[in-house]
Amino acid sequence: MSVQGDPRHRVQLPSVHEALLPREHSLHRPRHGHRQRTALTAAVIFFLTPLLVWTLGARPEAFENRPLAAFPSLSDGWGFFTGLSQWATDHLVFRQDAVRAANGISEGLFGEPAPLDRGQQPQGPVPGNQTTSPQPQPQLPNQPVPVDQQSVLPGFTKVIQGKDDWLFFGMDMQAKCRPDKSLNQVLDQVRKLRGVVESSGRAFLLMVPPDKSTMEPGFLPDSYGGKDCAPAIGAEFWNRFATEPGVLDLRPILNETKQRLGRPVYHKDDTHWSDEGAVSAVRSLSERLNPGVTKPWSISLSVPYSNPGDLALMSGKQGKVTGFRYEIRPDGQENRVKPLDSKFTEPERITSKEIPGVVGGRVMLFGDSFLESTGRYLHAALSNFTAYHYGHAVKDPVRSGKLAVDNDVVVFEAVERNLTSGTAGFLGNEFIDAFGRELAAKPRPR
């Protein structure tokens, strides 16, 4: 017989909140124990500190080869709360000094760099297919996370300490060994993108800067995360892409420049090429668009420069990249190089008088940080061009398509790691389809 509803068997609960009961009462529960109060206080300080130091005039700086996390939007739903942590971390003004201090202490006491952003090292070698493309990973419905914004996976490090104080971007290795898409999938998407561009009557070009680790493997350490898989996948990538129609492989001209100079064309403490590499890349682009156009070029040294290296900043070091800017006279007389410290977060249209040595026609360029490093030299190569960072362009493919319709040539630039990983946003089906519809609506005469 059930007694569930019998009043004699009901437990009489107190009419006040359990936190207000006497401590000796069996049902007393503190509203917040001292540990809870400490945790809440620490959380409030963590999230309010960036706002406080901002009001005092201090500003954080990006030093991890990616922009600082933006303040999350309330429209993100629960993403607002999950995004707060990264925003607060990025906007701690003295975080870079803390990274540098940690690295200095580690090297001083233990003789090795601090394990910053290092994934848990697994037992045994890092898994990876050494001869064929990795198995395709499930495609996410949203845009893939760019390589330089991904979390470091177990077995890899964000920065690799190489020989002779060289630093390498560890995500180069992760991009090859743990890709979002297989090389077959990436190649299929490149062909699909080329198809929608060329079918609209426009020329297509994919310009690929090689990873620093590809150009300078001799400075890599004897052991590093991904060594068992990254070199083989990189070799397969170049074997297939170097001969693919519409792809501009920049390795030959970079190697030629390196041999002529007798030194590397990538910086020791940075992921990017030097200005010698940037000038070479722009020259190769010009020749691909108009063979022989650079024959009258005159190139000479300009002013020196010195900037912090992104890899040095990531690893807490004080390294700087130094070098020289260059002047380029396409016709042998007029210097057409113009300082352009733009990150191309918005499209920039540049027009100038067409002279000998400069490619005519209208060119649309979508690129990444390597496009930023070549920006000043594009003026000397192209008379009429629009440049836009594809990380922003992919957010609105319709707008990007409308920008491209008035151009004769559409160029996409993506560093090797963004292709081997399959995270170049412009290779997504949503972007290609919407972008292609805009081009098809206004075809160019052949």
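The values are calculated or read from the model by the stated rules, or taken from the named source; none is laboratory data. Computed from a predicted structure; not experimentally measured. Cβ atoms come from the backbone with ideal geometry, glycine included; neighbour counts cover every protein chain shown. In case anyone asks, the SASA skips ligands and DNA or RNA and just uses the protein heavy atoms, side chains included. Shrake-Rupley method; radii C 1.70, N 1.55, O 1.52, S 1.80 Å.
Considering the stretch 377-392, and only residues there that are within 24 Å of Ser352 (Cα to Cα) and not in a strand (DSSP E or B), the residue that is modelled with the lowest pLDDT turns out to be His379. Out of Ile233, Ile299, Ile253, Ile328, one residue alone is aliphatic (A, V, I, L, M) and closer than 30 Å to Lys395 by Cα. It is Ile233. Scanning the stretch 392-404 for any residue that is acidic (Asp, Glu), in contact (Cβ under 8 Å) with a residue 12 or more places away in the chain and over 22 Å from Leu289 (Cα atoms) turns up nothing.
Of the residues making up the stretch 420-428, not a single one is modelled with pLDDT of 95 or more, assigned to a strand (DSSP E or B) and open to solvent by 10 Å² or more (accessible area, probe 1.4 Å).
When the stretch 354-376 is examined, which residues are found to be hydrophobic (A, V, I, L, M, F, W, C) and outside any helix (DSSP H, G or I)?
Here is the first cut: in the stretch 354-376, the residues hydrophobic (A, V, I, L, M, F, W, C) are 355, 358-359, 363-366, 370-371.
Passing the criteria: Ile355, Val358, Val359, Val363, Met364, Leu365, Phe366.
In the stretch 249-265, the qualifying residues are those that are open to solvent by 10 Å² or more (accessible area, probe 1.4 Å) and either hydrophobic (A, V, I, L, M, F, W, C) or in contact with an Asp or Glu (Cβ under 6 Å, 6 or more places away or on another chain) (or both), and the one that is farthest from Asp180 (Cα to Cα) is Leu261.
Each residue in the stretch 324-343 was checked for being open to solvent by less than 20 Å² (accessible area, probe 1.4 Å) and part of a strand (DSSP E or B), and 1 pass.
Of the residues Glu354, Glu346, the single one that is touching a Gly at 6+ places or on another chain (Cβ under 6 Å), surrounded by fewer than 17 Cβ atoms within 10 Å (Cβ to Cβ) and modelled with pLDDT of 90 or more is Glu354. The lone criterion from (1) in a loop (DSSP other than H, G, I, E, B); (2) under 18 Å from Thr420 (Cβ atoms); (3) open to solvent by 10 Å² or more (accessible area, probe 1.4 Å) left unmet by Pro231 is number (1). Within the stretch 266-313, the set of residues being part of a helix (DSSP H, G or I), surrounded by fewer than 24 Cβ atoms within 10 Å (Cβ to Cβ) and modelled with pLDDT under 95 comprises Ala312, Leu313. Listed by first and then second residue, the pairs linking a residue in the stretch 213-231 that is over 24 Å from Asn255 (Cα atoms) and acidic (Asp, Glu) to a residue that is open to solvent by 10 Å² or more (accessible area, probe 1.4 Å) and part of a loop (DSSP other than H, G, I, E, B), with Cβ atoms under 9 Å apart and 6 or more places separating them unless they lie on different chains, are Asp228/Pro125; Asp228/Val126; Asp228/Pro127; Asp228/Gly128; Asp228/Gln130.
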